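Colleague: Provided herewith is a single structure, encoded as structure tokens, for subsequent inquiry.
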Amino acid sequence: MRTLMENSSWRQHLAAFVVLSCLLLGFPSRALSQSGTITTFDVPGATNSFAQNINEKGTIAGYYYDASDTAHGFVRRP
């Protein structure tokens, strides 16, 4: 008869628990407690727009395509 410690399934579950616990404990508490804000905006004359970067001040840079399929860049400041 096999004991609980000899059961490979039990060891796999224990290993998964240990790995997940280590990962969760490694996250900074500040990152877990921060809340964010989602702001939507339209780029005038754009058919498709793509935000690429945002800095600490909230300035967003990206590019968009107009009706003639020409690419343009944009910067949106808060």
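Computed from the coordinates by the stated procedures, all read-outs in this text should not be read as laboratory data. The shown structure was predicted, so the numbers you read here are calculated from the model rather than taken from an experiment. Don't worry about glycine lacking a Cβ; one is built from the backbone with ideal geometry, like all the others, and counts go over all protein chains shown.
Colleague: Most exposed first by the Cβ proxy, i.e. fewest other Cβ within 10 Å, how do Ile38, Ile54, Ile60 rank? Please list the in-between numbers first.
Modeller: Numbers: Ile38 4, Ile54 13, Ile60 16.
Sorted ascending by nearby Cβ count, the order is Ile38, Ile54, Ile60.
Colleague: Using 0.36 nm per residue of separation minus the Cα-Cα distance, give me the extension gain between His13 and Ala71 in nm, one decimal.
Modeller: Working: separation 58, 0.36 × 58 = 20.88 nm, distance 5.14 nm.
Working it through step by step, the gained length comes to 15.7 nm.
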